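Enquirer: Quick one: this structure, given as structure tokens, is what I'll be asking you about.
The values are calculated or read from the model by the stated rules, or taken from the named source; none is laboratory data. Just so you know, these numbers come straight off a predicted model, no measurement behind them. Note: accessible area is taken over every heavy atom of the protein model, side chains too, but ligands, DNA and RNA are not part of it. Shrake-Rupley method; radii C 1.70, N 1.55, O 1.52, S 1.80 Å.
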Amino acid sequence: MRLLQRIWTTKTPTPPHRSRWKRPMLVVFLLLLLLFVLSPILVAGTPLRNWLLVHALPPFPGSIRIGGASMGWFRPPIFTDIEIHDHAGRMLLHVPRLEGSKSFAALVCHPFDLGEFHVMQPVLHVVCSHNSSNLEAMLAYWLQRCRSLNAGPGFALDGFAVRVVFTQARVVLEDEERGRGWSLDPLDLTVAIPRDRRTLLSLELKATAAETIGSASRRSGQLSANVSAHFVETSGGTPRLRAEGELRADQLPLEAIEPFLRRFAPHLHLSGRLNVNGKICPSDGQAGAPDVRLEGGISLQALTLSDPFLLGSDVLHLQQVQTPIRLALDGSRLAIEQMEIQSEVGKLRLAGTLPKEEDGKRKEESRNVFSSFVLLPSSLQVEAELNLARLAAMLPNALHLTKDTRMQSGTLSLQLHSTPCDDGTHWEGHLHTSDLEGLYQGQRVTWKEPFTVILTAHQEINNPLPVLERFRCDSDFLRLEMSGSLQEWTARGSFNLSRLSKHLAGFIELGPLQVQGEGMLRISARRNPRGAYRLEGNVGFTQLHLTDGSRAWHEDSLTIRLDLIGDTAAGYRIDAGAIHILAGQDGIDLDLLEPIADLPLRPALPFLRSRSSPLPRRPGALARAPHQPDRPTRWRRLGRPNRHGWPTAL
């Protein structure tokens, strides 16, 4: 009995290897748990926060750092002194304080509700230089990534709810070339984005615009917006947009957009004041009413525009430009109910309907701005009227008017209409000028109906390029007809230089130049989908007489033949070319020696010169300009015409 009791009370020995690992595993588990609990504090209080930030973001030309942080599982995060520098080391964005409203524990429990973020006194400094800005260079990586992935217009925060409040923000725009700057200071912005797009999305903006010249700054305008929008379900199952709000801008400086416009016109100077007053109204619920309607107007005051390349020494001054607008959005169809631009020199009216999404689908032709806007299947009406007399008074040098000429009347009218049809869109256009009247050295001069242009074209649904059915220009000095498409077209015409010179003499400064003669022309062009093109032309003159006061040139017959081959895939380029000139029994043949790359839209052509002598000098022929050996030529002369009329190699 005692033996059994001893056996019963004896403990079973524990294997030594189990007790050996239990305690270290418990210690490791407790350390990992402690590290997890303290991880927000460790990241916030050590340089680890910037190391993680640099490795979490994709590479970009610049740097980013967080000066300080306070984070915890049960308290909202706080970040201080956030700085983003551009590639030149300049400060792009500085955020003194960023506060969140939800703790990490709350975010783990509700990951789709990010809460509210308060951004205190942020400063965004945008520097524009040449054809770019430091902000665009910073965002280039993300923009290029979106293009490479063919990303659509999706929103990055879809499925997340967040509210961001910017308090006492400041946006600074600096024009590095002109030494001027503008700012929105202070700027208060509140954006509330719901998780469900059927819940109200709101935006509130209020800012004061200021202009900075040197170290001086002056207040110049106000900007405000209060907009809310959401989607509602319809009986068809397609969500429809509902929006309302107001947009207002008072006396904003137009000079602020000049750095961006100079990318297209490098020598542009622009000044004036912009005023916007718009109201967004939701649908009234009646049958046929649009989802959203925008009503209001845009006005420009004291508009001043100058560009030596386009306007020469003239400066365009317009006291006021008014544009009343009324737009209606119904589903994906945008209707332009009213849009009229009015100024002292003319007016432009635009009305019509832009297509629905399913009507405007194309393969890749939307890359072409012309085809994606003008040639979509839609119904548009464009009417324009330009007062040539007032325009001539404002821009006499740009129009090359003589000093003794004063235009008194004359208008240019344009009507362009498009109508959708079963297989695409049909276009009709009409350009007309009324009688031009003026005073030249005290005598009245008149030009009866200078020219009229009639246009008819159509575009098929599956073809992004239009087909020109009819293009005709009629005047007493020119008859021109064109037909074809942008891939292949042909032009034929006749002209009378004597009549043209007579009409222009009373209006435009020609100096001692006098031109007489008649001629015929024929030009054809072909372009394949890869961008390669071929241009062929033939221009013939009869009884051509040209004089500049001291020299005169007369030819009974002159023919110029042109043949060019090039590419437009990456800019305009001429790969091969030849020019044949026949003047009576004399002639010259020019061949292109090397390709001409990056040909500008308005090229100067100093290379149209032969290495040897031009047309043989005969009595009455123009003396050639002196040869300039320091300017290399790209053309070479091949020979003179033989008895059959064609050049023979020398």
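Enquirer: Kindly write out, for the stretch 448-455 in residue order, the coupling ³J(HN,Hα) from the Karplus curve 6.51 cos²θ - 1.76 cosθ + 1.60 (θ = phi - 60°), rounded to whole Hz, with x marking Gly and Pro.
Expert: Those phi angles translate into 6, 6, x, 6, 9, 10, 10, 10 Hz.
Enquirer: Antiparallel as a % of all DSSP beta bridges within the stretch 517-580, to the nearest 5? List each step's numbers first, then the result.
Expert: On the way: 32 of 33 bridges.
Rounded to the nearest five, the antiparallel share is 95 percent.
Enquirer: Return one whole number: the accessible area per residue of the stretch 231-360 in Å², for a 1.4 Å probe. Let's see the in-between values first.
Expert: Numbers: 6940 Å² over 130 residues.
Accessible area per residue, the stretch 231-360: 53 Å².
Enquirer: Same structure again: Which whole-number percent gives the relative contact order of the stretch 405-549, counting Cα pairs below 8 Å spaced six or more residues apart?
Expert: Working: 335 pairs, mean separation 21.8, N = 145.
Computed value for the stretch 405-549: 15 percent relative contact order.
Enquirer: Another question, if that's okay. Could you tell me the relative contact order of the stretch 80-135? Use alpha-carbon pairs under 8 Å, at least six residues apart, and round to a whole percent. Don't skip to the end; give the middle numbers.
Expert: Details: 80 pairs, mean separation 19.0, N = 56.
Reported as a whole number, the value is 34 percent.
Enquirer: Sticking with this structure for a sec: Of T425, T353, which has the most accessible area and how do the rest follow, probe 1.4 Å? Please report the intermediate quantities before stating the final value.
Expert: Values: T425 0, T353 35 Å².
The ranking, largest first, comes out as T353, T425.
Enquirer: Could you grab the relative contact order for the stretch 480-567? Cα pairs under 8 Å, six or more apart, rounded to a whole percent. Write down the numbers at each step before the final one.
Expert: On the way: 183 pairs, mean separation 22.0, N = 88.
That works out to 25 percent.
Enquirer: Sort H87, H458 from largest to smallest accessible area, using a 1.4 Å probe on the heavy atoms of the protein chains. Walk me through the numbers before you get to the answer.
Expert: Working: H87 125, H458 40 Å².
These residues rank, largest area first, as H87, H458.
Enquirer: Could you sort F451, F74, F477 by their accessible area in this structure, using a 1.4 Å probe and putting the largest first?
Expert: On the way: F451 65, F74 185, F477 35 Å².
Largest accessible area first, the list is F74, F451, F477.
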